[in-house]
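Dropping a structure here in structure tokens format, bear with me for questions.
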Amino acid sequence: MDDLRAKFFTLISQASDEQSLEDLRVQAVGKKGEISLQMRELGKMTAEERQVAGPKLNALKDEINAALAAKKAALSDAALDERLRTEWLDVTLPARERRQGTVHPISQVTEEVTAIFADMGFAVAEGPQIESDWYNFDALNIPAEHPTRTEMDTFYMHREAGDNRPPHVLRTHTSPVQIRSMEKHGAPIRIIAPGRVYRADYDQTHTPMFHQLEGLAIDRDLSMANLKWCLEEFCRAFFEVEQVELRFRASHFPFTEPSAEVDLRCSWDGGRLKVGEGDDWMEILGSGMVHPKVLSAGGIDPEEWQGFAFGMGIDRLAMLKYGMPDLRAFFDSDLRWLKHYGFAALDCRHCRAD
Ligand code: DAH
């Protein structure tokens, strides 16, 4: 027994990790371990011998178990010390510069505008940016030879020579979403459609890709009066002024009859826009009563239903509201510009509780 004790105490003290400690435990006090084998020998002894050897063996077993536990604790302390030694952190280092993204003004204004119209019961609709010329033009009462097709500086998708299928275009406006929504949902309907549109044009106020917001409301008895109320409500909320004055100027769009361009009373005070006062008028959108042919193209009976539509430039609204002079900067991805004009992630003033 003394030999066994000496042997295992030496081995335990030399163990360098938990696995070899576990192997030792099995070797000593496991079912077939050396101590257990000795225990079995007890059966062959006389009663007197057993009375002496039994308790001694049990005591040895306890001693070895205790030595194993002590060594295990020591090993894990050492492992922790080692980790603490390598995983250190110099808390006196200066903090890193904060790098936080901002919400692009176009995303911000799209959110604001969407929230305002959502309050008035408009749902958000979408359509593809690569559009058939039927949705982009024909269905909107813009036939093949209509001057609007060239006025809009349309981008046509490439077709192989000899491919005579009708062309696809990058949509020049969000108005084709009117047709798609009518086809999908029928009447009555109340939707807005924000999204990207494309035209071959580039200067301080035009970029080849820009953003529009389309609106469409169809019911049995909607009139220009409803259109006017809607747009006034919208301007009040968007420009955050109680007093707004709109001017409806007779105009022409193929997809509306009658058509009106809408101007907003404003003044320019040291280059800064003031809405609702002053002697200037600023054009903000096109609108009108949906043309019967457009209703028919969308599968809606113009004898039964009528409604209004409007379209506005989201980028232009952003420029006006937040005083950004050059549209091209919107798409330069210049971090200094984004930092200056961008918005904090949750800064949406128009998300009202209702
Ligand atoms: N689609 C027109 C454009 O891009 C804007 C527009 C005008 C949309 C009148 C409408 C509308 O829905 O009724 O210039």
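The values are calculated or read from the model by the stated rules, or taken from the named source; none is laboratory data. Since the model is a prediction, treat every value here as computed from it, not as a measurement. Positions of Cβ are generated from backbone atoms using ideal geometry, with glycine treated the same way; all protein chains shown enter the neighbour counts. SASA here: full protein model, heavy atoms, side chains in, ligands and nucleic acids out. Shrake-Rupley method; radii C 1.70, N 1.55, O 1.52, S 1.80 Å.
Pairs please, first residue from the stretch 282-297 and at positive phi, second anywhere and surrounded by fewer than 20 Cβ atoms within 10 Å (Cβ to Cβ) and among the aromatic types (Phe, Trp, Tyr), Cβ atoms under 8 Å, 6+ apart in sequence or on different chains.
From the stretch 282-297, no pairs qualify.
Check 102, 114 and return the single one that is under 24 Å from the mean Cα position of the chain (by Cα), away from the ligand (no atom under 16 Å from the Cβ) and open to solvent by 40 Å² or more (accessible area, probe 1.4 Å). Please lay out each step first, then the result.
On the way: 114 fails: open to solvent by 40 Å² or more (accessible area, probe 1.4 Å).
Result: 102 is the single residue among 102, 114 that is under 24 Å from the mean Cα position of the chain (by Cα), away from the ligand (no atom under 16 Å from the Cβ) and open to solvent by 40 Å² or more (accessible area, probe 1.4 Å).
Is one or more of the residues making up the stretch 202-220 in a loop (DSSP other than H, G, I, E, B), among the acidic types (Asp, Glu), closer than 23 Å to residue 151 by Cβ and touching a residue at least 12 places away in the same chain (Cβ under 8 Å)? I'd like the intermediate steps shown before the answer.
To start, the set of residues in the stretch 202-220 that are in a loop (DSSP other than H, G, I, E, B) comprises 202, 204-205, 207-208, 220.
If we keep only those that are among the acidic types (Asp, Glu) as well, we get none.
Scanning the stretch 202-220, I find no residue that is in a loop (DSSP other than H, G, I, E, B), among the acidic types (Asp, Glu), closer than 23 Å to residue 151 by Cβ and touching a residue at least 12 places away in the same chain (Cβ under 8 Å), so the answer is no.
Given the criteria assigned to a strand (DSSP E or B) and in contact (Cβ under 8 Å) with a residue 40 or more places away in the chain, does residue 194 qualify?
Details: assigned to a strand (DSSP E or B): yes; in contact (Cβ under 8 Å) with a residue 40 or more places away in the chain: yes.
When the stated conditions are applied, residue 194 passes them.
Here are the criteria: (1) crowded, with 18+ Cβ neighbours inside 10 Å; (2) within 12 Å of the ligand (Cβ to nearest atom); (3) under 30 Å from residue 302 (Cα atoms). Tell me which single one residue 182 does not satisfy.
(2)
List the pairs whose first member sits in the stretch 167-191 and is at positive phi, whose second member is surrounded by 21 or more Cβ atoms within 10 Å (Cβ to Cβ), and whose Cβ atoms are under 8 Å apart, counting only residues at least 6 apart or on separate chains?
186/300
For the stretch 196-213: of the residues being within 25 Å of residue 120 (Cα to Cα) and touching a Pro at 6+ places or on another chain (Cβ under 8 Å), which is farthest from the ligand (Cβ to nearest atom)?
Within the stretch 196-213, the match that is farthest from the ligand (Cβ to nearest atom) is 211.
Further question: Got a number for residues in the stretch 248-278 being under 23 Å from residue 309 (Cα atoms), surrounded by 13 or more Cβ atoms within 10 Å (Cβ to Cβ), over 34 Å from the mean Cα position of the chain (by Cα) and not basic (Lys, Arg)?
Adding up the residues that qualify gives 10.
Can you tell me which condition residue 322 does not meet? The list is (1) modelled with pLDDT under 95; (2) surrounded by 15 or more Cβ atoms within 10 Å (Cβ to Cβ); (3) in contact with a helix residue (DSSP H, G or I) (Cβ under 9 Å, 6 or more places away or on another chain), and all the others hold.
Answer for residue 322: the failing condition is (2).
Kindly indicate whether residue 195 is among the small types (Gly, Ala, Ser), in contact with a Ser or Thr (Cβ under 9 Å, 6 or more places away or on another chain) and open to solvent by 10 Å² or more (accessible area, probe 1.4 Å).
When the stated conditions are applied, residue 195 passes them.
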